[in-house]
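Report on the following structure.
The values are calculated or read from the model by the stated rules, or taken from the named source; none is laboratory data. All values derive from a computational prediction rather than experimental measurement. Note that we place each Cβ from the backbone using ideal geometry, even for glycine, and neighbour counts take in every protein chain shown. With ligands, DNA and RNA removed, areas are computed over all heavy atoms of the protein, side chains included. Shrake-Rupley method; radii C 1.70, N 1.55, O 1.52, S 1.80 Å.
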Amino acid sequence: MQHIGFIGLGMMGRPMAHRLHQAGFGLAVHDANPQTEAAFLNDHPGTVAAVGAETCAERDAIVTMLPNSDAVEEALSRVTPHLQPGTVVIDMSSSDPNRTRQLAGRLAEREIVLIDAPVSGGVKKAAAGTLAIMVGGNAAAHERSRKLLEAMGSNITHVGPSGAGHALKALNNYVSLAGLIATAEAVHVGQAFGIAPATVVDVINASTGRNNTTENKAHQYMLSRTFDSGFSLALAAKDVGIAAALGPSLGQPMVLAQLVQQMASDASSRLGPNADHTELFRYLEKD
Ligand code: NAD
């Protein structure tokens, strides 16, 4: 696998595609935002714009790193008619697992293999090439994609059939966001009781309540009030919404996930589309 099409050059896609370029893969890229696409082409000599049947037909694999299943289906509807049978499509976005399964079925009719390979670790780990990648779907296609995935991640696990990667990613983000909300509430209540916010975080970090937010987000983005982790609140709300719907669809209630989703959606509509997910901290502050 050498010639890759990469669609979606946002906060995550840009550093991930950069890693592929550094590793020597030939890239054809596309982003709906023309300035974003032009900036990437300018910074990466030898990379071409993924337009036209010829450029697409030469690709061994297409990687998508897009906001959601709607965007993935829209982008692929324009590319897949030009792909050769046997091409592997790797959806690394955090998409809806049930829609991923359906899409994999539709693409299989054209002998195109879709695997889902969403990531965890955020912008910093994307830049370092140390993302955790959870792969669902055809194991042989995963094996063929190994070198490509290894250029972007350091902890790559095949987790199950088509959609399983996307299901696990949504579940992970639910657990992560629940931890963030719990941390924000604990800091605010501790402060109201007279305990300094940094003390709350540091003591939790030395105790059993520590989690990814207390270790990697509380000082860095919340107490510092920079709120610039690079992961939007809107995308976080989308992810927990996927998880909250997945449980009941399988007969498994998810009471807490639904509450977390309501809080995230409400905060997202109040704080606007550009809010970072760490701004849940200020959303939960008393006026
Ligand atoms: P982003 O909004 O920064 O980037 C998305 C990019 O996709 C934008 O550049 C946009 O112009 C482009 N785009 C949208 N629709 C398109 C279409 N139909 N065709 C072509 N381009 C299109 O989002 P992001 O933060 O990079 O996240 C991408 C995915 O990765 C999401 O599914 C998100 O949930 C997931 N994710 C994000 C993070 C993070 O820390 N930001 C971490 C892990 C996973």
Quick one: with all protein chains in place, what share of the accessible area of the chain is carbon or sulfur, to the nearest percent (1.4 Å probe)?
-> 55 percent
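Please figure out what share of the DSSP beta bridges in the chain is antiparallel and state it in percent, rounded to the nearest 5.
Once the DSSP bridges in the chain are tallied, antiparallel ones form about 15 percent.
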In whole Å, what three semi-axes, largest first, describe the equivalent ellipsoid of region 158-287 built from its Cα gyration tensor (square root of 5 times each eigenvalue)?
-> 26, 16, 14
Per-residue ellipticity at 222 nm attributable to helices in the chain (runs of n ≥ 4 DSSP H, -39500 (n - 2.57) apiece, nearest 500 deg cm²/dmol) works out to -15500 deg cm²/dmol
Which residue, His142, His188, His30, has the most motion in a Gaussian network model of the chain that connects Cα atoms within less than 10 Å?
-> His188
GNM of the chain, Cα pairs under 10 angstrom: of Pro34, Pro67, Pro97, the biggest fluctuation goes to Pro34
Once you've got the GNM for the chain with C-alpha springs shorter than 10 Å, pick whichever of Ile195, Ile112, Ile181 has the biggest mean-square fluctuation.
-> Ile195
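Tell me, in nm to one decimal, what length is gained between Ala53 and Ala196 on full extension, where the rule is 0.36 nm per residue of separation less the Cα-Cα distance?
45.5 nm is the gain from fully extending Ala53 to Ala196.
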Over the alpha-carbon set of the chain, divide Rg by the Kirkwood Rh and report the Rg/Rh ratio to two decimals.
-> 1.00
Heavy-atom surface of the chain, accessible at 1.4 Å and reported per residue (Å²) | 46 Å²
Hey, what do the phi angles of region 150-160 turn into as Karplus ³J(HN,Hα) couplings, whole Hz, using 6.51/-1.76/1.60 and θ = phi - 60°, x for Gly and Pro?
-> 5, 6, 10, x, 10, 9, 10, 10, 7, 9, x
Cross-link list Lys147/Lys217; Lys169/Lys286; Lys169/Lys217; Lys124/Lys147: which exceed 29 angstrom alpha carbon to alpha carbon?
-> Lys147/Lys217; Lys169/Lys286
Evaluate E = 1/(1 + (r/R0)^6) for Glu74 and His3, where r is the Cβ-Cβ distance and R0 equals 25 Å; express this FRET efficiency to the nearest 0.05.
-> 0.65
Cubic angstrom per residue, convex hull over Cα atoms of region 207-252 = 87 Å³
Take the Cα pairs of region 3-161, get the Kirkwood Rh, then feed it into Stokes-Einstein at 37 °C and 0.692 mPa s and tell me D in µm²/s.
-> 215 µm²/s
If we count every other residue with Cβ under 15 angstrom of Lys125's Cβ, Lys/Arg +1 and Asp/Glu -1, where does the sum land?
-> +3
